[in-house]
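The values are calculated or read from the model by the stated rules, or taken from the named source; none is laboratory data. Since we're looking at a predicted model, the values are computed, not measured. Neighbour counts are summed over all protein chains in view; Cβ atoms, including those assigned to glycine, are modelled from backbone coordinates with ideal geometry. Heavy atoms of the whole protein, side chains included, go into the accessibility calculation; ligands, DNA and RNA do not. Shrake-Rupley method; radii C 1.70, N 1.55, O 1.52, S 1.80 Å.
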Amino acid sequence: MRWAGLTGAACAAILGLLAAACDLANGLVRAPQTIRVDGSSTVFPLSEAAAEGFSIENRGGVRVTVGESGTGGGFRRFCRGETEVQGASRPIKQSEMDSCRDAGIAYVELPVAFDGITVVVNKDNPIDTVTVEQLRRIWAPGSEGRVDNWRDVDPAWPDMPLRLFGAGTASGTFDFFTEAVNGEGGASRTDYTPTEDDNVTVIGVIGNRGAMGYFGIAYYEQNQDRIKALAVDAGGGAVFPTTETVADASYQPLSRPLFVYVAARAMQRPAVRDFIEYYLTHAERLAPEVGYVPLPDAAYTEYLNRALTGRTGTAFGGEADIGASIEEVMARPLAEDAPDEAE
Amino acid sequence: MAAPFLAASERVKGRNLRDRAFVYWGLAATLVGLGTLVALVADLAADGGGRLSWSFLTSFPSRFAADAGIFPAWVGSLFVILTTAVIAVPVGVLSGVYLEEYARRNWLTNAIEIAVNNLAGVPSIIYGLLALGLFVQAFAMGETVLTAGLTLALLILPVVIVATREAVRAVPQDIRQAALALGATKWQTTAHHVAPNALPGVTTGVIIGMSRAIGETAPLICIGAATFMAFLPVKAPGDPVRYTVEYVSPAAAQRNPDATLTVRATNETTIQYPDGRLVTLTPGERAEAPAGADVSTTASLSDAAASWLPWNWLDQPYTVMPIQMFNWTSRPEAAFRENAAAAGLALLAITLLLNGGAIWLRYRLRRRIRW
C-alpha cells in the first residue's frame, strides 16, 4: 500500500515533468500573471492601495506583490529584471540609468503623486518660519559640530540646543532633501539621528524642545496636534506645507513628485498594462487616502497615454531637479538613455 | 548551645544566610525575565487585543487599517518555517551526530567546531546578504518560499548543530561501551542508544532555532520578501487563475513562430487572443492558444489539490508576519500600530503553538529514557 502511494506520487511527478517538457518542445509555457512591485517605502502605501484595489477588481487572478526595499535597493533589483514595477521617491539616477541600459532594460517613467517634505519642530518652539538659507546653515556638512544651538543659526532665535532627526542615507527622502537644501544629493552633516522609520522622528521631536526633523507630509498630517510644521521661505515669502501648496508647487523647494518606473518589456503583458491603467486612473482618489497629493487630472491622462504607447526614458537626465512644476516636466523630451529592447 | 561550638554555629548561620540569599537572588533574576515578558505581552494585548478577530486573521492587507488583516502573513510564516525545518533539522542533526560520534578529533574538526560556534552569533542580516548573492542572484531562485526557507535554515543550522552536539555528549559513555561490548556496530550503538537518548536535547535546540527563525525580518527583507500580497502560496477551488502563453526564449519564438498550446477547460475559461478576440470555453472544451494569449479561468478541485504539492508552492512569492508588523509600525496612521500589536500577539500565539507541540513531543521522548 505504502509503495503504491509512493509510486503514484512518483508517476504524478514524472507526468508533471513530461507536461512541462511537452510545453517546452514547441517553446511555449504558461506564465502566471504575477506583477512584482518593489522600491521606495514612501511610494509603498500608494502602490499598496493600487494593488489592493486592482486585486479586488480582478479577484486575485493577477497576483501583485509589493515590497519596500527602498528606492536605491529597488532600482538594483529593477535593473536586473527581478521586478516589473519600481516605486521611487526621486527620479532615476545616472548610475541606475547606466545599469538598466547595460542589462537592456528600458523603462517608462510615470509620476504618480506629489509629496511635500515637511520640516517639523517641537510644539513649544516659538519659531514659525524658516528660510532655505537657514535650513542650509542647519543641515550643511560644514555645520557639523559648529551649529549646535538655534542661536547659532539666527541670533534672534532662542537659546536651545539643536537636536536633529533625519532620513536614513538609503532613502530617497534623504537624497531629495539634501539636494534641495544643500544643493548636492547626499551631502549632509552626519551628527543627527538618522532613521528609516519616520515615527522615530515624530517621537524624537515630541520629546525634545530643541528638536528639528523632516519627513513626508503624511506623517505631519497624522501628528499635527503633537508637532509643529514650519513654513518654508525660498525667497518669495514663507509658504506653509498643505495639500494645496504642494499641488500648485508654491511650497518650494521641498515639493517632490513620486514615481513608478515600469519595465517596457513588462508593459507588453496585458496584466501589467491593466495594472498600470488601474494605478493611473485611480491615483487621484488613492493618493489623498494614503496622505499624498494627487497630480492634476491632465497629468494622469498624459502619463497613462505615455505608458500605453510605451514611450521610454526619463525626463530628468539623472538629476534630482528641484522645483520643476508637473506641467513643465510633462512637456520635456524624454532622454532615450535605455535602448529599445530586441524583440 | 555550648561555648566550644559557638564559632561553628556562627559559620553555619553564615552559610544558611548565603543559602537563603541565593534563593532570593535567583528568584529576583527570574522575575526580571518573566516580568519583562509579562509587561511586553500586556502592552501588546492592551494595544492590539481589540483588533484580534477572525476577520483580522482571514483578511488581506489593506490601506485602511480597520480592513487590514494578516492572512498571507501567517500562512506565509507557516510555509516558510515548515521549509526551514525540513532543511535545517536533518542537516543540523546529522552534522551534530557526525561531529560528535564519528569525526576524529583533529585540527579540522576543531576548526569546524569554532566556526559553527561563531556562526551562531553572526547577525542575521549577514545571512540575508549571503542568501541574496547566492540563492536569489547566482542560483536565480528568485523571491520564493524556498529561498526564504533556505536562508532561515542557514541561520538556525549552527543553533541546531550546537544543541545536537551538547545532547549527544550528555549521553553517558557507559551506554556506548555497553552496546559495543555486546557486539553492536557503531551504527547500531548510535541509532539504537545514543540518538534516542539525545533526542529530547536535540528537540530543545530545534525549538530555540525555530523560534528565532519565525521572528526574523532583516534577512527576508534583504532577499526581497513581499510586504503586500493579496493571495496565498496555495489555491482553493474556485480561486481565479490567469496566465499568459509565452515563449521560453526569443530563440524558441524563432524556431516555432506558429506554435500553440492546448488549453483544456476544466472550469469556464476565457481566452483573449493577441488580436483582441475573446473566446469562452465551457468545461470539457479545448482550444489552441498562441503566444501572447491571455487565459483566465478558476482553479478546479484538482488544481487546488495540486497547488499543495511542495514543488508547486516552494516557488511562490511570500510574506511573513514580522515583515507585516515592520511595515505597520512605520506607517503614519496610529491605527496601523494597533494592527502591528495584534499581529505581534498572533505571532506569539503561533510560536507558542509550534513550541507547545515540540515540548509535548520532548516530554513524550523523555519519559522513554531510563538510564
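Residues are listed down the side, and each one gets a yes or a no for (1) buried (at least 17 other Cβ atoms within 10 Å of the Cβ); (2) among the hydroxyl-bearing types (Ser, Thr, Tyr); (3) outside any strand (DSSP E or B); (4) assigned by TED's automatic domain parsing to the domain that holds A:SER89:
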residue	(1), (2), (3), (4)
A:ARG101	no, no, yes, yes
A:ILE105	yes, no, yes, yes
A:VAL108	yes, no, no, yes
A:VAL130	yes, no, no, no
A:ARG146	no, no, yes, no
A:ASP152	no, no, yes, no
A:ALA156	no, no, yes, no
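Of the residues in segment B:345-362, not one is of a type in the set (Gly, Ala, Ser), touching a residue at least 24 places away in the same chain (Cβ under 8 Å) and either in contact with a Lys or Arg (Cβ under 6 Å, 6 or more places away or on another chain) or under 30 Å from B:ALA140 (Cβ atoms) (or both).
Within segment B:208-253, restricting attention to residues that are open to solvent by less than 20 Å² (accessible area, probe 1.4 Å) and in a helix (DSSP H, G or I), the residue that is nearest to the other protein chains (Cβ to nearest Cβ) is B:ALA252. Name every residue in segment B:302-334 that is assigned to a loop (DSSP other than H, G, I, E, B), charged (D, E, K, R) and over 18 Å from the mean Cα position of the chain (by Cα), in order of residue number. Those that are assigned to a loop (DSSP other than H, G, I, E, B), charged (D, E, K, R) and over 18 Å from the mean Cα position of the chain (by Cα): B:ARG331, B:GLU333.
Between A:SER95, A:SER171, A:SER99, the distinction of being modelled with pLDDT under 90 and of a type outside the set (Val, Ile, Thr) belongs to A:SER171 only. Restricting the first member to segment A:299-316 and to residues that are in a helix (DSSP H, G or I), and the second to residues that are charged (D, E, K, R) and open to solvent by 60 Å² or more (accessible area, probe 1.4 Å), the beta-carbon pairs closer than 8 Å and six or more apart or on different chains are A:ALA299/A:GLU327; A:TYR300/A:GLU284; A:LEU304/A:GLU277; A:ALA307/A:ARG273; A:ALA307/A:GLU277; A:LEU308/A:ARG273; A:LEU308/A:GLU277. Remark: B:VAL202 falls outside the filter, which requires a residue to be closer than 30 Å to B:GLN324 by Cα, open to solvent by less than 40 Å² (accessible area, probe 1.4 Å) and modelled with pLDDT of 90 or more.
Does B:ARG176 meet the test of being part of a loop (DSSP other than H, G, I, E, B) and among the charged types (D, E, K, R)?
Values: part of a loop (DSSP other than H, G, I, E, B): no; among the charged types (D, E, K, R): yes.
Taking the combined requirement at face value, the residue does not satisfy it.
For segment B:275-301, filtering for residues that are touching a Gly at 6+ places or on another chain (Cβ under 9 Å), part of a loop (DSSP other than H, G, I, E, B) and within 9 Å of chain A (Cβ to nearest Cβ) leaves 1. A Cβ distance below 7 Å, combined with a sequence gap of six or more or placement on separate chains, defines the contacts here; from segment B:87-108, residues that are assigned by TED's automatic domain parsing to the domain that holds B:ALA120 reach residues that are surrounded by 11 or more Cβ atoms within 10 Å (Cβ to Cβ) and polar (S, T, N, Q) in the pairs B:GLY92/B:THR164; B:VAL93/B:THR164; B:GLY96/B:THR164; B:VAL97/B:THR164; B:VAL97/B:THR190; B:LEU99/B:THR109; B:GLU101/B:THR190; B:ALA103/B:THR109. Do we have B:ALA120 as open to solvent by less than 40 Å² (accessible area, probe 1.4 Å), more than 14 Å from chain A (Cβ to nearest Cβ) and closer than 18 Å to B:LEU78 by Cα here? Against the criterion (open to solvent by less than 40 Å² (accessible area, probe 1.4 Å), more than 14 Å from chain A (Cβ to nearest Cβ) and closer than 18 Å to B:LEU78 by Cα), B:ALA120 does not qualify.
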